Amino acid sequence: MPVRHPRLLFARRACAALLSLIALLSPAHADGISEPTPEPPYPSSEGLSPEAWDRAWRAWKSAHDAWQAGLTVGQLERARANKSAKEAPRESNHERATRLPASGDSYDWRATAEKWKLAPTIVTALEREGLAFGDSTKQAFQPYLGGPVFITSDSALNAFHVLFEDSFRELELHRAARFRSRFEALLALVGRVASEGRHPQQWQKPMNEERLRAAMDHLLRVLGPALVLSGAPLDGFDATLRPDIAATVDLIRSADQTSLPAWLGPPEDATLVAIDFSRCKPIGFYAESTRLSDYFRSVRWLQMVPFRAARNHEIDAIYLLGTANYRLRDHGNEQSLDALIGSTDDPTMHAFTGSLFSNDREPPDWSDPGTRTELVRMLIRRDLYRINSDIRLGRTLNQTFESLTFRILAPAALEDSAMFQAFIDHRLRPSGLAVAAALGSPLAQRSLANQEMALAGTMSDELDAAAARPPYAEPRLYARYLNTLRALFLPLDPAAPDFMRRPIWEAKNCQTALAGWAQMRHTFVLQGKLSASYLGMVLAPPGFVEANPEFFARLARLIDRAKEELIEAGVFSPSAAVEAEALREAARTLRKLRPAREGSYEFEGVPYPQLEPIWRSLPDEIFNENDPDLSELRDEAFARALQAILERVEAYAKRLESGTVAPRSQDTDLLQRWDRLGAIAHTLEALAHKGLRREAWTPAEDEFLKEYGQTLGYIVGYQGNSWLDPRDDAPRWAEVCSFTDRDTSLAAAVGRPREIFVLHPWNGMLVLCRGSVMQYYEYESSERLTDEQWRQVLDSEKAPALPPWLTDFAEPPTFDLTKRH
């Protein structure tokens, strides 16, 4: 073995050390794995429309896949390790982003405002007022997808409106489906009523042919257009009536003129001058569906046409139809509406039900003073004719027989409509501020003159009386709703934040109440939402709840009552799968059934209160005429008979699931959404109380606040994560009063929701929070608008100004379709 020179060995060792040092400082590590090339940066969605964001994400995904494909296994592991090392500090940021700031966080709300890119005017308003109005959003839940949040009464109230309108739309669909068959059945009964009276064979002297023909011709001229609009063939009517019916249908469909059909003339000062056919234009969700548009036209026409007591053939016609309706016993349609909205202002065909004329042995003689007195006295007791809804020269109808009018259908007498009529009768201009004043808004009350306040006080007195009614005579849902809004103006708790004691908060609450009122006056409907599937994650720290627990308590009670009334109206319906499962659940209970003891008709094993609804829930098809009476069977005979019934229950459930038998009702998630909204309202009441006591949230309450926006999204109809890209359909337009002298209307409208920012006190600091409010508009309009047309007006130069009482605190909202919240 050769011997190496010591100097050469030293040189080699020095060279090796130098190479090692170079290796440590070079991109290549000692393990031989070179650093991976930089990972393509994830794109930002800020300022991008959904379509542009989708293109950016797809481009990034393609570049990212190509980057990964070019890495070795070692480089891929190295890239993951590097990414984990970089994101380690983010863990504390993530934790900090999901809680309220603590004293050691060096929190500064202005830094958050800069991060949120708030306009200088908003920052200035926050410094001055502790509250500021921001930009518009598509939906009220969007500002709650980040945080910290400030949960407003507006956000919960808007969720109620959307869900209520979705539910009312279902009710109207049911009513539309029954409309034609119901009135065809009534017409079929009218002929028998003319010969028999209220009850079969009651009249000893039937109505003579001439009188019957005059009444029937008029009735068909009124009902005919509604039936044709609902799908009935025109050639099904007498040839002499078809021209009048067809001409009226054309007037209703065109909805562009005011006129009086010849068969209703000549005009009369006291009862009818003309019919405003423009009111037959479908608005609201009715405009989105052919079936509901025609239903709207039909109902509106029947609401407008008066049957005048001064004309014998007209009062005969409505009397015969009302009597036929009494014979048919079909009052469910009107009863469901009465419970939700209230009773009508004009007497309808239902005025001729009950005991009126029940003892007569011949058709009523309308010239008889006793008959006239009886009818007038009955109508006076019902407090009708309060609202002038016709085009006439006088003020309101005199309650005398000659000026009485009846209608087949009639709109409800709402408390605010009656107040507006009082304003008009006193030659005063109605306004939304009068409604707000009646609800208790200090801002509105200071804005009205003494006479206006006196008239607003009559509506306030009515609401007081409604609230004081005993449980067995609870007010209609509409009155309960108005009393819920009144809670916005109750005295503040001493522990409420300071920004809630300033004039800007008064303006905010006035807007909340009027925006809610406008939504409720939007004919109680809203077009259905479409759902899409998206994936996304939102980090939302908890926040605060508006310090008004009484409002949330009243809202919770309103939700519970609304759900009860809608259930009673038959709005909610299970699917085939739900109905099948309910049948199987009933079968599981029935398997516990044991024979009744001798001498007793009560079965063993299942208590009667539980058994009775089960028997009633089973479809009639399950039972046979030859089935033995289970109460008379014992032992094996009982077991065999019960088993036969259970097998039929299971067979029916399978037929439901296979689609060979239709479910008895339509599947809907509305009831689940109502349950969720009710739970939210009760939770908000509890959180409002805790907030006033400055108590910390529990982990469950933290999660509730973080998920509030997503939960609201579900309640207003967004399934899955579709709330990440909501529809722009929040604006609503409603006509609340008509000025016939100027041919205009008072429009109460709701714009897009807008952000609200507040500085909420917490742990000795002010925390910048974000929430949403509804934007109210009020103006005089020369045309009736659909919601789509109103949305176009909002985005044009013709957009109305903000209410004057709000302009000191808010600028007109801006709206950016590409902005992602």
Over 22 Å (Cα to Cα) - which of 138/706; 117/138; 61/83; 115/706; 61/117; 138/508 fall in this group: 61/117
Sequence ranges 704-710, 750-756, ranked by mean other-Cβ count within 10 angstrom, highest first: 750-756, 704-710
Peptides ranked, highest mean first, by Cβ atoms within 10 Å: ranges 788-796, 545-553, 254-262, 454-462: 545-553, 454-462, 788-796, 254-262
Overall dimensions of segment 687-814 by Cα: Rg and Dmax, Å: 19.2, 61
Restricting segment 106-188 to trypsin sites (Lys or Arg not before Pro) in coil, as DSSP defines it, with at most 16 other Cβ within 10 Å: 117
Span per principal axis, largest first, for the Cα atoms of segment 735-774 (Å): 59, 16, 11
Segment 725-794 - convex hull of the alpha-carbon atoms, volume per residue in Å³: 105
Relative packing of peptides 761-767, 279-285, 308-314 - highest average C-beta neighbours within 10 Å first: 279-285, 308-314, 761-767
Share of Cα-Cα pairs in segment 111-230 lying beyond 26 Å, as whole percent: 58
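Coordinate-derived values only; no laboratory data. Just so it is clear, the model here is predicted, and its values are computed rather than measured. Every residue, glycine among them, receives a Cβ derived from its backbone with ideal geometry; neighbour counts consider all protein chains shown.
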